[in-house]
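**Student:** Just passing along the structure, written as structure tokens.
The values are calculated or read from the model by the stated rules, or taken from the named source; none is laboratory data. All of these numbers come straight from a predicted model, not from anything done at the bench. Note that we place each Cβ from the backbone using ideal geometry, even for glycine, and neighbour counts take in every protein chain shown.
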Amino acid sequence: MFGWLTQTAALAALNLRSLPRRPGAAAVAMSGIAALTGVFAGVLSMASGFEKTMEGSGQEDVALVLRSGSTAELNSRFSSEQADVIRYAPGIVRDAAGEPRVSSELFWIVNAVGKSSGTEANVALRGIQPAGYALRKGYRLAEGREFTPGRFELIAGRGARNQFAGLEPGQMIRFGKTEWLVTGVFEAGGSVFESELWCDVNVLQSAYQLGSGFQVVRAQVDGAAGRARLEEALDGDQRLAVDVWSEEQFYSEQAEDTTALIRVIGIPISVLMAIGAIFATLNAMYASIAARARELATLRALGFGSLPAALATLLESVALALLGGVLGCAIAWLALNGFQASTLASSFSQVVFNFAVTPDLLAQGVTAALVVGLVGGVFPAVRAAMAPVTVALREL
Amino acid sequence: MATQLIQLTGVSKNYRKGRETVRVLDGISLGIDKGDFVGLMGPSGSGKTTLLNLLGGLDKPTEGLVEVDGRVISALSPGALAKWRSSNIGFIFQFYNLLPVLTAARNVALPLLLTSLPASRRKQHVNTALQLVGLTERASHYPRELSGGQEQRVAIARAIVSDPPILLCDEPTGDLDRSTADEIMDLLQRLNRDYGKTIVMVTHDPRAASFAHRVLHLDKGELGAPPEETPGAPGGTSP
Ligand SMILES: Nc1ncnc2c1ncn2[C@@H]1O[C@H](COP(=O)(O)OP(=O)(O)O)[C@@H](O)[C@H]1O
Ligand SMILES: [Mg+2]
């Protein structure tokens, strides 16, 4: 029906016009909704940023061989003989000279000082073999030079260099009893490897008396079929008890624990804030209709209907929520998008990642704000519609 | 039979106050002719506003019938009643009840939003109404920029803009000084005399009441004879 639509539009315009007359309650509700939206979008962008980093790390055509039952590199272990058996197993791609594309690696944790926090945190120091570079998609030396095999030298991932002190090329840094020279900074397509420090695996073995063994063997395989062949061969070998992972799957499973944790903590906080925001909205809207009770009654006396009065109140609440939501999103986007943070991942070392405030997340934030506006506006809207005109007209 | 524009038959109104029921109007029967100008007086709390609200379809009687122009409005649904009000009744309040966020012209235009008139015609009507109350040059002023008398004239323009046959005024001069009150009364008289509006006006002011064709007295919910001698300055201050 045309009538009540125009009435609703007229009343809603009036409501919005009177918003600035009652800035207090409206501002409280709006900032509550903005805070909710900001935190909600923040949590989601943190989870999605972390996920993006982890999921970008693994490749389908790289196989990860870990000791059977290990879900992290840290608690896996092989002897050098076992590593050699894996190296020459079928299914692994070989280079022109017939050498398998394999990097047997050690994953060691050292302490570095966070630039912004000033406190010590775990950082991964990974020992690699020469084939290790090519096994990372997007590997690129960004500054300086690569470490020289056989020397106490390392290169730092870009993320690690940004987050931790003392990792500029040319600087010496002490981890435990050993001093290392930082020779360069590398990138690896924004993946989790950029949070690591890389050195020669044999140097790492001797630096911390790790023996001659390894923790993980990374191998280039010929897709899923190659990986299956490798797995079959290793399973049948009495000398080994290993699991063969697709690197891609390994990192996305690692991401799940942490993103689940972020969500488990973040979602209840968002829900609590949403409840707070709903009450602030209720309060603002009750204040709004109370402040204008006589105006509303006057309009009703002139012939405006009660349904338009209710709808206009609901629209006012939704508009308030929309303003708050957009504000919250703007703050989240300005403050957090691309913001670099690090968190302890399930590898027990810090993973550096960027918050990713995507349009998708902003839409979810605004949707949350709208839901708050609708829920917070329903009861005031009903009251606006039901209020007896004659009573409100008597009030001054 | 329906020669009278407004006809009340055995109208009573009860309010509940906690457990007890208060009878505010008690079996009122009353007829008002088209073109009449009726003053309604009585002590504070005697039910004058309640009676006016029943006439204007803002409230429904507990018992009895309210007929306007042959239609039993006390039987209409709230929605139908709202629509009926928009084309039949103009309300004028003691405290003007203008919307502070709207200019005079926009306040006057409010009742026209309930019609299907195009914007240009609405503007015409608003200008005519403002002209009639002598406030053309204040069209773009906000209520806070107007005096009490000017505000009441804007309210009167709003009441007449959609050309309803009936004006219901609840102490229209109650908040105004004497000379301003006289101006408002002149205006109401003109609307009655020259434009044929039927007016029912609640007032405490005998001077205002003297503009009416006849004055009804309400006391304890019943229409009665006027008091023996009306004192010069009535003391009632009921809103
Ligand atoms: N909604 C209501 N609920 C209960 N009592 C009411 C209500 N409205 C009016 N009354 C009572 O009805 C009586 C008449 O009120 P009213 O019509 O405003 O008188 P008047 O306008 O003559 O001063 C008063 O005693 C008032 O308290
Ligand atoms: Mg009264």
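**Student:** In the set B:Pro118, B:Pro100, B:Pro78, B:Pro143, which member is touching a residue at least 40 places away in the same chain (Cβ under 8 Å) and out of contact with any Asp or Glu (no Cβ under 7 Å at 6 or more places or on another chain)?
**Tutor:** B:Pro100
**Student:** Separate question: When the residues of the stretch A:168-212 are filtered to those that are in contact with a helix residue (DSSP H, G or I) (Cβ under 6 Å, 6 or more places away or on another chain) and small (Gly, Ala, Ser), which remaining residue is surrounded by the fewest Cβ atoms within 10 Å (Cβ to Cβ)?
**Tutor:** The extreme case among them is A:Ser212.
**Student:** Another question, if that's okay. Yes or no: A:Ala332 under 30 Å from B:Pro78 (Cα atoms) and buried (at least 24 other Cβ atoms within 10 Å of the Cβ)?
**Tutor:** Criteria not met by A:Ala332.
**Student:** Among the listed residues B:Ser86, B:Ser74, B:Ser116, B:Ser46, identify the single one that is at pLDDT below 95, facing another protein chain (nearest Cβ under 9 Å) and surrounded by 18 or more Cβ atoms within 10 Å (Cβ to Cβ).
**Tutor:** B:Ser86
**Student:** Do the conditions hold for A:Ala63, that is, is it hydrophobic (A, V, I, L, M, F, W, C), modelled with pLDDT of 85 or more and within 27 Å of A:Val244 (Cα to Cα)?
**Tutor:** So A:Ala63 passes the test.
**Student:** Restricted to the stretch B:158-183, and to residues that are assigned to a helix (DSSP H, G or I) and under 13 Å from the mean Cα position of the chain (by Cα), which residue is farthest from ligand 1 (Cβ to nearest atom)?
**Tutor:** That would be B:Ile160.
**Student:** Could I ask something else about it? Test B:Thr103 against the criterion of being of a type in the set (Ser, Thr, Tyr) and more than 23 Å from B:Thr173 (Cα to Cα), and give yes or no.
**Tutor:** In short, no.
**Student:** Further question on the same structure: Just to verify a result, which residue in the stretch A:93-113, among those that are of a type in the set (D, E, K, R) and assigned to a strand (DSSP E or B), is nearest to A:Val203 (Cα to Cα)?
**Tutor:** So the residue we want is A:Glu105.
**Student:** Pairs under 8 Å by beta carbon, first residue at positive phi in the stretch A:145-166, partner of a type in the set (Val, Ile, Thr) and assigned to a strand (DSSP E or B), six or more apart or different chains?
**Tutor:** A:Gly166/A:Val113; A:Gly166/A:Ile173; A:Gly166/A:Val182
**Student:** Another one. Show the residue pairs meeting these rules: Cβ distance below 9 Å; 6+ apart or different chains; first residue within the stretch A:9-31 and within 20 Å of A:Leu299 (Cα to Cα) and among the hydroxyl-bearing types (Ser, Thr, Tyr); second residue at pLDDT 85 or above and part of a helix (DSSP H, G or I).
**Tutor:** A:Ser18/A:Glu295; A:Ser18/A:Glu316
**Student:** Of the numbered conditions (1) under 16 Å from the mean Cα position of the chain (by Cα); (2) within 15 Å of ligand 1 (Cβ to nearest atom); (3) of a type in the set (A, V, I, L, M); (4) more than 12 Å from chain A (Cβ to nearest Cβ), B:Ile32 fails exactly one; give the number of that condition.
**Tutor:** For B:Ile32, the exception is condition (2).
**Student:** If the requirement is being of a type in the set (Gly, Ala, Ser) and either surrounded by fewer than 24 Cβ atoms within 10 Å (Cβ to Cβ) or under 30 Å from B:Lys17 (Cβ atoms) (or both), which of these qualifies: A:Ala381, A:Ala321?
**Tutor:** Among A:Ala381, A:Ala321, only A:Ala381 is of a type in the set (Gly, Ala, Ser) and either surrounded by fewer than 24 Cβ atoms within 10 Å (Cβ to Cβ) or under 30 Å from B:Lys17 (Cβ atoms) (or both).
**Student:** How about the stretch B:38-55: which of its residues are closer than 22 Å to B:Met185 by Cβ, more than 6 Å from ligand 1 (Cβ to nearest atom) and either aliphatic (A, V, I, L, M) or under 11 Å from the mean Cα position of the chain (by Cα) (or both)?
**Tutor:** B:Val38, B:Gly39, B:Leu40, B:Met41, B:Leu51, B:Leu52, B:Leu55
**Student:** Let me ask something else about it. Given (1) more than 13 Å from the chain's Cα centre (by Cα); (2) within 16 Å of ligand 1 (Cβ to nearest atom); (3) more than 24 Å from B:Val68 (Cα to Cα), where does B:Leu216 come up short, assuming only one miss?
**Tutor:** Among (1) more than 13 Å from the chain's Cα centre (by Cα); (2) within 16 Å of ligand 1 (Cβ to nearest atom); (3) more than 24 Å from B:Val68 (Cα to Cα), the lone unmet condition for B:Leu216 is (3).
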